[in-house]
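Please read the structure below before turning to the comments.
Quick note: the coordinates plus some simple rules give every number you see, no bench work behind them. From a predicted model like this one, the values you see are computed outputs, not experimental measurements. Cβ placement follows ideal geometry from the backbone for every residue including glycine, while neighbour counts extend to all protein chains displayed.
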Amino acid sequence: MGESQQSQPSQGTSSSSSSAPHSASQSSSSGSGTLSSLETLPTQDLASIPEEVDEKSSNPWGRLWALGRGFVNHDCVNDEYIFGRDKLCDYTFDRPIINQMERYKTYSKKHFRIFREVGPGPSPVAYIEDLSGNGTFLNAELIGHRKTLPLMNNAEIAISLPTNKVFLFTDLLTDDQSIYPIEFRQKYIMSKTIGSGACGEVKLAFEKSTCKKVAVKVINKRKFSLSSSCLDQSASVETEIEILKKISHPCIIKIENFIDTDDCFYIVLELMEGGELFDRILKSRLKESTVKLYFYQILLAVQHLHDNGIIHRDLKLENVLLSSTNEECCIKVTDFGQSKILGETSLMRTLCGTPTYLAPEVLNTAGTGGYSRAVDYWSLGVILFICLSGYPPFSESNCNRSLKDQITLGLYNFIPAAWQHVPQPALDLVKRLLVIDPEERLTTRQALEHPWLQDDNMKSFADRLMYDVAHPMPPPTQHFMSRKRGHEADFMDASTSTCSEASSLYEKRAKK
Ligand code: ADP
């Protein structure tokens, strides 16, 4: 799966059929040069092919973004392209990386055809035809030999195996892009949805100038009863955004751009390919050394936010994203300052969900106060508790007391079996963070000085990881997931913990 989903680093957007950086043997696909015409055309007739370029046809109608290693972006200008191993194909799979791969042998000489035909209606529709022996897949579905399917915007094309993705198709003529504001379209091409949360959808997009992938959070203002006609609010949002954009730390998601329209906010974020820490914990219990590596980075991130006057207020496993699918990787905290952009409404939605991570003082003031940095220290304690033990400290499934009582009285659920392999210093740090009195709670700075984190090897490894991510992001290696929140069944599948309490973590997922 890995290889097929790795995207080529930026190839530029000018890879039209005539200028695509194909190998030297790549057939020129100028004019009507499809494979069939080239195969049958007598050579003496070649000179008679008109050479003038049709102005209209030089505008691409579709763009194939390379997803597979060795593949390059390809603009569709002509009405038809054939893709395959054959040198006479319009797009030949003959680049060294491709033809050195084991699976190269499974590619057909003519693997698939992309073409467009007029109708229904006056505008052309793009199609893909499977010409292969081993199959061409559209969004992981086999097309079938000699069968044709419409090629929709954002469709993923895979060859020989449904997971061997080679291209993402962008229909440049449909008005899909036009639903996005011009300020956005000037810089980005919006692609598929990669997630959805309480505030709206998160989409993959490509930065036009660099082909860099970014994540775009699209927030519908109506959902939050926000209006940019409210000048005061607009002005304050601008100020907040300027502050948030300046936040730069290897363990904090970078806000790259922010576009404010009448209906929506478009928050352009650095893309993270490894998913949420929440999902990582569902898959398997983390090693103590991994928890230490992650928690150290989370502390650095939160400390940096605090040093810049930002209290996160919504720290939770879902807001810690991973840079890769490797266990030992860089983490980044996200969704900081969202309440500053969306106002209290957004945060209140979160707070109205299960209060797993909420500090006692927030519950005691019914969410109307207690917003000192200490609320983040508490949430950090909850995060560390779950990472180390695999279950949440406060849970509705503990029927003896209400959830609010458990939190406000600091009665965390201690299951000895789940903690038996956790070193005492790690548990000690949890206890010092989950302190009811905010004044007595450990700060991030104090937590960083805690004995459990005095591990030079871990720190220098974390520094290396952070240094690496501070440099341009590597190409994606992971399948994008699109899913809604509150999938309690996620946890049912988890072979996370032997502790039956692990399942109660479900209900802790922010219900939005
Ligand atoms: P919420 O607002 O409910 O916290 P988000 O809108 O932040 O949720 O995220 C929704 C989904 O999009 C999540 O699955 C999250 O992993 C994904 N996501 C959010 N930000 C990014 C990003 N920068 N890179 C990749 N995926 C992201």
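Peptides 385-392, 321-328 ranked from most to least packed, by the mean per-residue count of other Cβ atoms within 10 Å: 385-392, 321-328. Residue separation of residue 245 and residue 152 scaled by 0.36 nm, minus their Cα-Cα distance, works out to 30.0 nm of gained length.
Spin-label pair residue 450-residue 208: with each label point 7 Å from Cα along the Cα-Cβ axis, the two points sit 4.9 nm from one another. If you take all other residues with their beta carbon under 9 Å from the beta carbon of residue 149, and give Lys and Arg +1 and Asp and Glu -1, the sum is -2.
Remark: the residue 142-residue 461 segment gains 110.5 nm on full extension, using 0.36 nm per residue and subtracting the alpha carbon distance. With a threshold of 29 Å on the Cα-Cα distance, the over-threshold entries among 87/192; 192/221; 110/203; 217/316; 212/246 are 87/192; 110/203. Between residue 117 and residue 431, the distance separating the two model label sites (each 7 Å from Cα on the Cα→Cβ line) works out to 7.4 nm. Between residue 193 and residue 364, the C-beta separation translates, for a Förster distance of 30 Å, into a calculated FRET efficiency of about 0.20. Computed from label points 7 Å out along Cα-Cβ, the spacing between residue 79 and residue 288 is 7.0 nm.
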